[in-house]
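**Q** Please read through the structure below; I'll follow up with questions.
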C-alpha cells in the first residue's frame, strides 16, 4: 500500500483533487510529470504509460472498482466493451485520448461521466444499457469524428442528463436510442457542431419532461428527429437554435411540445408530424 498523495491534475481545487484521488487510493507512485508533481499511473498526464496503465485497469475491473474519476486513458480503450458494471460507475473528468468502446456494456448502478472528455476518432456506446437511478453526461465533451449512441437504452429509474454537453466531431448518432425514467431527460444547453446530428426514430419516454432548452445545433449538413417518438408530459425546445443545415421532424410524434423562441435558420420539415396536447409551437 502507498501513502503518497497523487497530484491528480493541474488546475483542480483541493476539494475536487481529494475527491478524484479516491480513484487511485492505495496505488503506488508512478512518475513525476514535467511540472515536478507526483502522479499515479491512472492520473499521469504524459505518454509512455501504456503497459502499466492497462495492468492497473485490468486490476480495477477484476476488483469491480469502477471509480475512474480524473483518469487519463492513453490510446485505444476496448476493455469496457460488453462489460457489466454492477456498481456505481464514476468517469467524472476522465480523459480518453484514443478511441473508446462501451459497445453493449451494461451500467446497473448510477453512472457519472460529467465533465469527461473524448478525443479519439470514434466514441462508441452503441447498444449499451443504463439502468441505475440516473446517468449523467453533463458538460461532457465529445470531440472525435464519430460519436455513436445507436440503440443505446437509457432506462434509468429517475433521469438522464446531457446538460451542457458539447459534440464537435463530424457525426453524432442517437438513432433508435431509448430514454426512460420517472423524472426527465435533458440536453439543455447542449451544443452540436459537427456535420450531422441524428436522432432518427429516437424514443424520449421520460415521464415528466424531455428538454432541449437553449440547445444549439450548428450541424453543417443536417440535424434530424425524423420519426422521433416523444411521450413525456412536457417536451421543451424553447430557445433552441437550429442554425446548421436542414432540420427534420418529419413523421415525429411530439407530446405537449413547445418551440417558443426557437430559431430555425433554414426552416424545418414537420411533414407527417403529430402533435399531441401541444402547449405551443411558436
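**Q** Only one residue in 116, 56, 126 is out of contact with any helix residue (DSSP H, G or I) (no Cβ under 7 Å at 6 or more places or on another chain), over 27 Å from residue 166 (Cβ atoms) and buried (at least 16 other Cβ atoms within 10 Å of the Cβ), so which one is that?
**A** Residue meeting the stated conditions: 56.
**Q** Run down 220, 244 and say which single residue is outside any strand (DSSP E or B), surrounded by fewer than 19 Cβ atoms within 10 Å (Cβ to Cβ) and either assigned by TED's automatic domain parsing to the domain that holds residue 159 or more than 20 Å from the chain's Cα centre (by Cα) (or both).
**A** 220 is the lone residue from the list that is outside any strand (DSSP E or B), surrounded by fewer than 19 Cβ atoms within 10 Å (Cβ to Cβ) and either assigned by TED's automatic domain parsing to the domain that holds residue 159 or more than 20 Å from the chain's Cα centre (by Cα) (or both).
**Q** Of the residues that make up the stretch 10-27, is at least one in contact with a helix residue (DSSP H, G or I) (Cβ under 8 Å, 6 or more places away or on another chain) and part of a loop (DSSP other than H, G, I, E, B)?
**A** Yes, the stretch 10-27 contains at least one residue that is in contact with a helix residue (DSSP H, G or I) (Cβ under 8 Å, 6 or more places away or on another chain) and part of a loop (DSSP other than H, G, I, E, B).
**Q** Of 225, 270, 249, 259, which residue is buried (at least 17 other Cβ atoms within 10 Å of the Cβ), in the same structural domain as residue 113 (by TED's automatic domain parsing) and within 22 Å of the chain's Cα centre (by Cα)?
**A** That would be 225, the only listed residue that is buried (at least 17 other Cβ atoms within 10 Å of the Cβ), in the same structural domain as residue 113 (by TED's automatic domain parsing) and within 22 Å of the chain's Cα centre (by Cα).
The values are calculated or read from the model by the stated rules, or taken from the named source; none is laboratory data. All values derive from a computational prediction rather than experimental measurement. We place every Cβ from the backbone using ideal geometry, glycine too, and count neighbours over all the protein chains shown.
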